[in-house]
Amino acid sequence: MPELPEVETVKRTLIELVAGKRIQSVTVRLPRIIQRPEEPEQFAAALEGHTIQTVERRGKFLRIILDGLVLVSHLRMEGRYGVFPSEEPIELHTHVLFHFDDGTDLRYKDVRQFGTMHLFETGTDLEMQPLKKLGLEPLDNPDFTLDALRSKLAKRSTKIKPLLLNQEYIVGLGNIYVDEALFSAGIHPERSANELKPAEWKKLHESIVSTLSRAVDAGGSSIKSYVNGQGEMGMFQQQLLVYGRKDEACSSCGRPIEKFVVGGRGTHICKHCQPLPKARQSK
């Protein structure tokens, strides 16, 4: 699933590709993608004649800002956008097409068909589902301070990895970047949040911001099928230190990276660089 860096990259490329374009009509080929309004015909009719102003991001959601409307889109597992000449043949698994009056289309393709679209009047989307309960933005956000991170998580007895994956606390972090941030901070993913020391919270805050910033600069990670809005692959996977590197040598100590399950998610760590407290070590 695309995480914050991938969605941020799609956002930036879509701004270049579609800002200022006027929607002439909309074709919905898979109705279940449209979650709001209930009828896809209403969705299509509501968008006709509106112009895309810009594209923003909230967590892993895209917010396509139009004059008077906001289209909230979640890519889920393999959703992707691309701009094509209207006369170009439509690729398989293309489910929604926004036809512009300049002879181009913004096309949404989703092999797994898990993506969603919600349409709202301007000023209402942030107070309604699916955006209403989202937590702190960790990227380019002055409110994402060390104190804010600790106030959200530090009193909880839950393992730190599932907490970081919970979008009601911190948004945009998925499996890849949680593994990378915890490794950079030297924190074992099974540590309870309430046992972390102040210095560890400081390292974790810094590593979350640094990991996400570097990933955005690299265009995200092309794990599985992710590409940006121009069909280009992200390159951060070449900088990943633990994720997807089972049995490879740790970049810090040379010991093998291990993989196991935490909270139902495949998890990559270096047990030497991310130790559990001795009293909790089972091996």
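The values are calculated or read from the model by the stated rules, or taken from the named source; none is laboratory data. For clarity, every value in this text was computed on a predicted model and none was experimentally measured. So basically every Cβ, Gly included, is an ideal-geometry build from the backbone, and we count neighbours across all protein chains shown.
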statement: Within the stretch 107-139, the residues that are of a type outside the set (S, T, N, Q) and at positive phi are 123
Tally, over the stretch 171-197, of residues that are in contact with a helix residue (DSSP H, G or I) (Cβ under 8 Å, 6 or more places away or on another chain) and free of Cβ contacts under 8 Å to residues at least 40 places away in the same chain: 4
field: Residue list for the stretch 264-275, restricted to those being surrounded by 15 or more Cβ atoms within 10 Å (Cβ to Cβ) and in a loop (DSSP other than H, G, I, E, B)
entry: 270, 271, 273, 274, 275
- prompt: Is it the case that the stretch 217-227 has a residue that's in contact with a strand residue (DSSP E or B) (Cβ under 9 Å, 6 or more places away or on another chain), at pLDDT below 95, under 30 Å from residue 113 (Cβ atoms) and outside any loop (DSSP other than H, G, I, E, B)?
  reply: yes
statement: Given the conditions (1) touching a residue at least 24 places away in the same chain (Cβ under 8 Å); (2) of a type outside the set (Ser, Thr, Tyr); (3) more than 20 Å from residue 140 (Cβ to Cβ), every one holds for residue 84 apart from (1)
statement: The condition from (1) assigned to a helix (DSSP H, G or I); (2) under 30 Å from residue 261 (Cα atoms) that residue 138 misses is numbered (1)
field: One residue from 62, 75 being within 30 Å of residue 168 (Cβ to Cβ), surrounded by 16 or more Cβ atoms within 10 Å (Cβ to Cβ) and in contact with a Pro (Cβ under 9 Å, 6 or more places away or on another chain)
entry: 75
query: Could you count how many residues in the stretch 104-116 are out of contact with any His (no Cβ under 8 Å at 6 or more places or on another chain) and not charged (D, E, K, R)?
result: 3
message: Considering only residues that are under 16 Å from residue 105 (Cβ atoms) and out of contact with any Pro (no Cβ under 9 Å at 6 or more places or on another chain), which ones fall in the stretch 31-48?
response: 44, 47, 48
Every pair of residues 6+ apart whose Cβ atoms lie under 9 Å, when the first sits in the stretch 259-283 and is on the phi < 0 side of the Ramachandran plot and at pLDDT below 95 while the second is hydrophobic (A, V, I, L, M, F, W, C) and assigned to a loop (DSSP other than H, G, I, E, B): 282/276
message: Among the residues that make up the stretch 79-88, is at least one of them among the hydroxyl-bearing types (Ser, Thr, Tyr), within 22 Å of residue 129 (Cα to Cα) and in contact with a Lys or Arg (Cβ under 9 Å, 6 or more places away or on another chain)?
response: no
- request: Take the stretch 14-35 and flag every residue that is at pLDDT below 95 and surrounded by 21 or more Cβ atoms within 10 Å (Cβ to Cβ).
  value: 14
field: Selection within the stretch 106-129 - assigned to a helix (DSSP H, G or I) and either surrounded by 14 or more Cβ atoms within 10 Å (Cβ to Cβ) or modelled with pLDDT under 95 (or both)
entry: 125
message: Only one of 162, 189 is at pLDDT 95 or above, over 17 Å from residue 63 (Cβ atoms), not in a loop (DSSP other than H, G, I, E, B) and not aromatic (Phe, Trp, Tyr). Can you tell me which?
response: 162
query: For residue 10, are the conditions met, namely being modelled with pLDDT of 95 or more, within 30 Å of residue 177 (Cα to Cα) and not aromatic (Phe, Trp, Tyr)?
result: no
